[in-house]
């Protein structure tokens, strides 16, 4: 697993050697950031179920102003910290160790991009997207990664795009205009 673009391009991330973590593939990350291109520059990004931190580190590598990494799993956060040290990441970031829903309920921060990648077998997808609506800025973007295509609608959010990269399905949401 490597960073695919920007300042840290080509740098290799730490190996993942335990169950329960499923990093987003290089191909899916590269495609995602090709879509985001200029939206990530100077953006404040929340990597909600951060795991290894690959999404957030990729965002920093490509010019994000700041990233908040959050994960409830301490093993995942240790891998994230190792990756940040290994790459000598010096851009602003913070690390939170909270249940994702708890984080979304508690934070007063607002983000330009919220990336939600819960465990595929969890039932947190819909609730996390609903609660993320509260923390995105106007014109902000929520991106859900899952192995199944998201079905249904979320109040106050509209689906603006859907993409498929092998097993990965990405759904993009924005606030609906009033």
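FYI, it's all coordinate maths here, none of it is from the lab. This is a predicted model, so every value here is computed, not measured. Cβ: placed from backbone, ideal geometry, glycine included. Neighbour counts: every protein chain shown.
Where does the chain land at 222 nm, in deg cm²/dmol rounded to the nearest 500, when only DSSP H runs of n ≥ 4 count, each adding -39500 (n - 2.57), divided by all residues?
-8000 deg cm²/dmol
Work out how much length residue 41 to residue 158 would gain on full extension: take 0.36 nm times their residue separation and subtract the Cα-Cα distance, in nm to one decimal.
So the chain would gain 39.8 nm between residue 41 and residue 158.
As I understand it, the value is the acute angle between the Cα axis of helix 74-87 and the longest principal axis of the Cα atoms of the chain; what does it come to in degrees, rounded to 10?
60
For the ranges 96-104, 144-152, what's the packing order if you count other beta-carbon atoms within 10 Å of each residue, average per peptide, and put the highest first?
Numbers: 96-104: 17.4, 144-152: 14.1.
Highest mean packing first, the order is 96-104, 144-152.
So if we plug the beta-carbon distance of residue 74 and residue 122 into 1/(1 + (r/R0)^6) with R0 = 25 Å, what FRET efficiency do we get, rounded to 0.05?
Values: r = 18 Å, r/R0 = 0.71.
Using R0 = 25 Å, I get an efficiency of 0.90.
Taking every pair of alpha-carbon atoms in the chain, what share in percent sits in each 10 Å bin, from 0 to the bin with the longest distance?
For the chain, the pair-distance distribution reads 10, 42, 39, 8, 0.
State the antiparallel share, in %, of DSSP beta bridges confined to the range 26-175, rounding to the nearest 5. Provide the component values of the computation, followed by the final result.
Working: 14 of 30 bridges.
Expressed as a percentage, antiparallel bridges in the range 26-175 total about 45.
Using label points projected 7 Å from each Cα along Cα→Cβ, tell me how many nm separate residue 109 and residue 9, to one decimal.
For the pair residue 109/residue 9, the computed spacing is 2.7 nm.
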